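A short worksheet on the structure shown next.
The values are calculated or read from the model by the stated rules, or taken from the named source; none is laboratory data. What you are looking at is a predicted structure, and each value in this text was computed from that prediction instead of being measured. Cβ placement follows ideal geometry from the backbone for every residue including glycine, while neighbour counts extend to all protein chains displayed.
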Amino acid sequence: MQKLLTILGPTSVGKTGLALRLAKKFNGELVACDSRQVYKKLDIGTGKMPDVDVSCQSSAIRRKKGNGFWEIEGIKIWMYDVADPKRQYTVYDFVKDASKVISGVERRDKLPIIVGGTGLYLKAILSGLPNLAIPLDLDLRKKLEKLSLKKLQEKLQKISPKKWEKMNNSDRQNPRRLIRAIEIASTDFTSEESLRATVRGGFNTLKIGLTAPRESLYQRIDERVVSRIDQGMVDEAKSLHKSGLSFKRMRQLGLEYGVLANYLEGKITSEQELVKILQGKIHGYARRQITWFKKEKNILWFDITDQNFPANVEKEAAKWYYQVDAAKG
């Protein structure tokens, strides 16, 4: 079975930096598993550059962009810049495109390393998801987008009480996910057909999870927000809007870009308030990621506040990597 290394965990724990380090050691290429890094020109807000240079001693990181990938310190990171931010990129699109990328990495006899914090995307690429291949119904979506949150909730409860019961509280408060649930409930496309269409499968996977005490994680998030403001995240949002990305679409993209849309429209009146709101929103996002990953099985967790954690991760990865190779021999 093809080896697949996965680095997962909440935002701001240094997943990409660690993945680059492991890629150098095990001849790998990275496959970003992030629902917003797929979009072109969403660079600073989505954190496409690693926070820490793990590959060299200098403070500057060598970077260049290719077609659908970035190259950082000679290591390719795929699934960056593959979609137009004006159009929605679905989980199905990700599985389809990422599967091709992984196959390409395999053909070059390199180790695919999936890195990211979008749990739904990760679950989809590793094991498939029911209803994943159900296409978007644009006419239905236009009608549903005019409804209030309460009306969407009532509609889903009426047409699919079972689906409503399975949704967690966060999903029930999310208009986008409610619309998708109604869309799925309104089609006769079967889960079995969808699963056959999307499961990649056949991986021997090692899942490495990165974590940190809550106080430490929040501090890292807060520092990262300030750093990204300093790097020009507000100017990036202005440029995106000037190039035709509507404030409505920015809000659909979520997190940083949703808050930045409010700032650019004057609904947030100071940079200090902007920073505070961003930090709070991302704290909440990190909590949701932690809750998601707690449900996942077979993850080896490492606390990033332990100074020996990179060496410990390398040790576990080497044990898995070379044992698999030995078995093939």
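Can you say whether residue 261 is over 28 Å from residue 7 (Cα atoms), surrounded by 13 or more Cβ atoms within 10 Å (Cβ to Cβ) and in the same structural domain as residue 34 (by TED's automatic domain parsing), as far as the supplied structure shows? Yes. Would you mind stating whether residue 91 is under 16 Å from the mean Cα position of the chain (by Cα), surrounded by 16 or more Cβ atoms within 10 Å (Cβ to Cβ) and modelled with pLDDT under 90? Yes.
Just checking, does the stretch 218-228 include any residue being touching a helix residue (DSSP H, G or I) at 6+ places or on another chain (Cβ under 9 Å), assigned by TED's automatic domain parsing to the domain that holds residue 44 and under 22 Å from residue 86 (Cα atoms)? Checking the stretch 218-228: not a single residue is touching a helix residue (DSSP H, G or I) at 6+ places or on another chain (Cβ under 9 Å), assigned by TED's automatic domain parsing to the domain that holds residue 44 and under 22 Å from residue 86 (Cα atoms).
Within the stretch 106-126, can you find the residues that are surrounded by 23 or more Cβ atoms within 10 Å (Cβ to Cβ) and assigned to a strand (DSSP E or B)? Listed by number, the residues that qualify are 112, 113, 114, 115, 116. Applying the criterion of being at pLDDT 75 or above and under 17 Å from residue 7 (Cα atoms) to the residues of the stretch 47-71, the residue that is surrounded by the fewest Cβ atoms within 10 Å (Cβ to Cβ) is 49. Within the stretch 11-26, residues that are assigned by TED's automatic domain parsing to the domain that holds residue 214 and of a type outside the set (Asp, Glu) have Cβ atoms under 8 Å from residues that are at pLDDT 95 or above and part of a loop (DSSP other than H, G, I, E, B) in these pairs: 13/212; 13/304; 14/304; 15/9, counting only partners at least 6 apart in sequence or on another chain. The helices (runs of 4 or more DSSP H) found wholly in the stretch 159-202 and carrying at least 2 residues that are under 26 Å from the mean Cα position of the chain (by Cα) and modelled with pLDDT under 85 occupy 169-172, 175-185, 191-198. Of the helices (runs of 4 or more DSSP H) entirely within the stretch 251-329, those holding at least 2 residues that are over 17 Å from the mean Cα position of the chain (by Cα) and within 21 Å of residue 225 (Cβ to Cβ) occupy 255-264, 271-294. Candidates in the stretch 142-156 are the residues that are among the charged types (D, E, K, R) and outside any helix (DSSP H, G or I); of these, the one that is nearest to residue 181 (Cα to Cα) is 145.
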